[in-house]
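Colleague: For reference, the structure I am asking about is given below.
We did not get these values from a lab; they are worked out from the coordinates using the rules stated. Every value quoted in this text rests on a predicted model; they were computed, and no experiment measured them. Cβ coordinates were reconstructed from backbone atoms using ideal geometry, including for glycine residues, and neighbour counts include every protein chain displayed.
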Amino acid sequence: MAANTDFSYIDKYKCDNNIVTIVCILLLFVLMINQLTFNEEVKAGTLGIYKKLKNSIPDIEWPLIAPYVYEINKLKKETNSIILAHNYQTPQIFYGVADIVGDSLALAIEATKVKQDNIIMCGVHFMAETAKIMSPQKRVFLPNLKAGCSLADSITGKDVIQLKKKYPGMPVVSYVNTSADVKAETDICCTSANAVKVVESLNVKRVIFLPDEYLAKYVASQTKVEIISWHGKCEVHEQFSEKDIRELRNNYPELTVIAHPECPPDVIKASDFTGSTSHMVQYVKKNKPKNVFLVTECSMSDNIEIENPTTNFVKPCNTCPHMKSITLKNILDCLKHKKNEILIDSTTIQRSRGSIEKMIAIGRQN
Ligand code: 13P
Ligand code: SF4
């Protein structure tokens, strides 16, 4: 499925009031059938969350969202579960129900420390697999098992075996956005928060770096190590262009542009800073730019702006259909019915675990 280039994002809530009212009445009806009502208990129990979200969620929608938030938080405790959420999850998930939020590296690290019996991963399939590999004794659930990733889908374990035959003895560095089968054929994983550090840690002249062609190009621009790359691309980041940045700079003279390294090279060149989603959070917090354009998934700006009210977030952005297939409704289903569990055979767990452990040991680059 292709991502949407959504340049009318700012106007998304400005729909016709009558339609919104009808939809809300219908949804309230559905909630009542499901016995999820916006009563005094729910209102009081979600007040703190509402205060945080009130500028990003229209008032009229809160009575529909709050019962889910309340029920999920209640069930989470009752079932000894923890919710991990990636930075690309919507504010209602990110601030409403998640216990731990962060970039791909933070989620992989947190998965090694979990005390609860069940992990609900609000992210995509490879993130849930990584959590299962790092905590095989826990039950890991993904609220929508179809939440994939164009990068992870671009390569298989068999492809890696072929590459290793073509380049005998050359170490394989795999982006964490890969399947467990690919990780099982990998020497060390990386994320966009430590890719250069991981490549340089190997002390070799050449590495196979897969599957993201653009991240590979970015890493190659930051190191002397020669990079043999694959042809995978993120369907969200590949859609940004240098022209988008040029046009925005004309409209916003004091604009800081921060690009994710999954973006095409011309986009990265036209930006002021490049970094993982956590690097973006840190940059905005520290530098407090007047106007900022985060060249990445839409929820990133929605989530950061709540805690950075002095910065204006310029929001042409692209949505990731996989990340957005995680909803409060399927999180609740997952908790209630223990649906959508991630299962990986023990051999694959054993074979893939080392590559993630080595990445975690190297940690984050500045
Ligand atoms: P990070 O959060 O590691 O920067 O990853 C971005 C991404 O596209 C995850 O799917
Ligand atoms: Fe994959 Fe790109 Fe979506 Fe991240 S944003 S899950 S890399 S498709």
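Colleague: Quick one: in region 254-270, which of the residues that are more than 16 Å from ligand 2 (Cβ to nearest atom) and not in a helix (DSSP H, G or I) is nearest to V219 (Cα to Cα)?
Modeller: That would be V257.
Colleague: Do you know which of the residues in region 258-270 that are within 16 Å of ligand 1 (Cβ to nearest atom) and over 16 Å from the mean Cα position of the chain (by Cα) is surrounded by the most Cβ atoms within 10 Å (Cβ to Cβ)?
Modeller: Selected residue: V267.
Colleague: Tell me yes or no: at least one residue of region 152-175 is within 20 Å of the chain's Cα centre (by Cα) and away from ligand 2 (no atom under 16 Å from the Cβ).
Modeller: No, region 152-175 contains no residue that is within 20 Å of the chain's Cα centre (by Cα) and away from ligand 2 (no atom under 16 Å from the Cβ).
Colleague: In region 148-174, which residues are among the polar types (S, T, N, Q) and either within 16 Å of ligand 1 (Cβ to nearest atom) or part of a loop (DSSP other than H, G, I, E, B) (or both)?
Modeller: Correct list: S150, S154, T156, S174.
Colleague: Tally time: how many residues in region 271-283 are in a loop (DSSP other than H, G, I, E, B) and either within 25 Å of G148 (Cβ to Cβ) or within 16 Å of ligand 1 (Cβ to nearest atom) (or both)?
Modeller: 3
Colleague: Which number in (1) within 13 Å of ligand 2 (Cβ to nearest atom); (2) over 14 Å from the mean Cα position of the chain (by Cα) marks the one condition that M121 misses?
Modeller: (2)
Colleague: Let me ask something else. Checking K329 against (1) touching a residue at least 60 places away in the same chain (Cβ under 8 Å); (2) surrounded by 16 or more Cβ atoms within 10 Å (Cβ to Cβ), only one condition comes out false. Which one?
Modeller: (2) is the only condition that K329 fails.
Colleague: Count, please, the residues in region 161-203 that happen to be among the aliphatic types (A, V, I, L, M) and over 21 Å from L105 (Cβ atoms).
Modeller: The qualifying residues number 3.
Colleague: Here is a further query. Looking for something within 16 Å of ligand 1 (Cβ to nearest atom), free of Cβ contacts under 8 Å to residues at least 40 places away in the same chain and hydrophobic (A, V, I, L, M, F, W, C) - is there at least one such residue anywhere in region 204-211?
Modeller: Let us first name the residues in region 204-211 that are within 16 Å of ligand 1 (Cβ to nearest atom), namely 209-211.
Adding the requirement that they be free of Cβ contacts under 8 Å to residues at least 40 places away in the same chain leaves 209.
Checking the rest, the ones that are also hydrophobic (A, V, I, L, M, F, W, C) come to 209.
Yes; the residues of region 204-211 include at least one that is within 16 Å of ligand 1 (Cβ to nearest atom), free of Cβ contacts under 8 Å to residues at least 40 places away in the same chain and hydrophobic (A, V, I, L, M, F, W, C).
Colleague: Can you tell me which residue among E71, E78, E41, E129 is within 15 Å of the chain's Cα centre (by Cα) and either surrounded by 18 or more Cβ atoms within 10 Å (Cβ to Cβ) or acidic (D, E) (or both)?
Modeller: On the way: E71 fails: within 15 Å of the chain's Cα centre (by Cα); E78 fails: within 15 Å of the chain's Cα centre (by Cα); E41 fails: within 15 Å of the chain's Cα centre (by Cα).
Step by step, each of E71, E78, E41, E129 is checked, and only E129 is within 15 Å of the chain's Cα centre (by Cα) and either surrounded by 18 or more Cβ atoms within 10 Å (Cβ to Cβ) or acidic (D, E) (or both).
Colleague: Quick test of your reading of the structure: C234 fulfils all but one of (1) within 16 Å of ligand 2 (Cβ to nearest atom); (2) under 23 Å from P168 (Cα atoms); (3) crowded, with 16+ Cβ neighbours inside 10 Å. Name the failing condition by number.
Modeller: Looking at each condition in turn, C234 falls short on (2).
Colleague: Return the residues of region 233-243 that are of a type in the set (D, E) and under 26 Å from A147 (Cβ atoms); say none if nothing qualifies.
Modeller: Within region 233-243, E235, E238 meet the criteria.
Colleague: Turning to a different aspect of this structure: In region 37-83, which helices (runs of 4 or more DSSP H) lie fully inside it and hold 2 or more residues that are within 12 Å of G96 (Cα to Cα) and in contact with a Pro (Cβ under 9 Å, 6 or more places away or on another chain)? If you could, list the steps in order and put the result at the bottom.
Modeller: Details: elements: 40-45, 47-53, 62-78.
Of the helices (runs of 4 or more DSSP H) lying wholly inside region 37-83, those with at least 2 residues that are within 12 Å of G96 (Cα to Cα) and in contact with a Pro (Cβ under 9 Å, 6 or more places away or on another chain) span 47-53.
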